[in-house]
Structure formats: structure tokens, C-alpha cells
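Have a look at the structure below, then the notes.
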């Protein structure tokens, strides 16, 4: 059971790291799209509407990616807490009963 908890924690941490990397990538893309939109608006370019739509889409993707990161982080914390609780329970049982495992 302890092995499963450790395995689940590793998987959750791995998922968190990949989602965080995805978020960083999308965040950069959103910032770039916003900058392009502002540059086009300053130049008085006709394609400002398209650029604004692109920037808005990237911002939504950034928000979605951040939400996934937060969910992954919550899962990691949950699994970590369960793992710690299991460890404490095992040690308490061992020391209270003076038994070997």
C-alpha cells in the first residue's frame, strides 16, 4: 500500500511538472499575441480585430492551463498528505506494539 502511495505521488508530481511547463509555454504565447495586438493597434493596422481575437484566445488558453496546474498541484498535495498520514500510522503502530514488520 505504501508503494502504491509513493508511485501515485511520483505520477502526480510528474503530471504537475508537465502541466506547469505547458502553462509557461502558453503564457509566453499569450504575452506575444498581446504584444502583437498592441503593436498593430499602435500602427493603425486593419488586422487589429484578428490580432485581438488571437490574443483573447491565447489568454483563454493560458487561463485553462493555469487551472490544470492548480488542479495538479492540489492532487500532489492530497497524495502527499495521505502518504504522510500512512507513514505516521505505520510508525505509531510499530512503536506502540513493539512488533517487527
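Readers should treat all values here as calculations from the given coordinates under stated rules, not as data from a laboratory. Only a predicted model underlies this, so the values are computations on that prediction, with no experimental measurement involved. Every residue, glycine as well, gets a Cβ built from its backbone with ideal geometry; the counts of neighbours run over all protein chains shown.
As a calculated quantity, the FRET efficiency between residue 17 and residue 89 at R0 = 30 Å, using C-beta atoms, amounts to about 0.55. Gain on full extension, evaluated as 0.36 nm per residue between residue 70 and residue 24 minus their Cα-Cα distance, stands at 15.2 nm. Summarised in one figure, the compactness ratio Rg/Rh of the chain, Cα atoms and Kirkwood Rh, is 1.38.
Multiplying the residue separation of residue 6 and residue 49 by 0.36 nm and subtracting their alpha-carbon distance yields 10.5 nm.
Run lengths n ≥ 4 of DSSP H only: what is the helix-derived mean residue ellipticity at 222 nm for the chain, with -39500 (n - 2.57) per run over all residues, to the nearest 500?
Rounded to the nearest 500, it is -34000 deg cm²/dmol.
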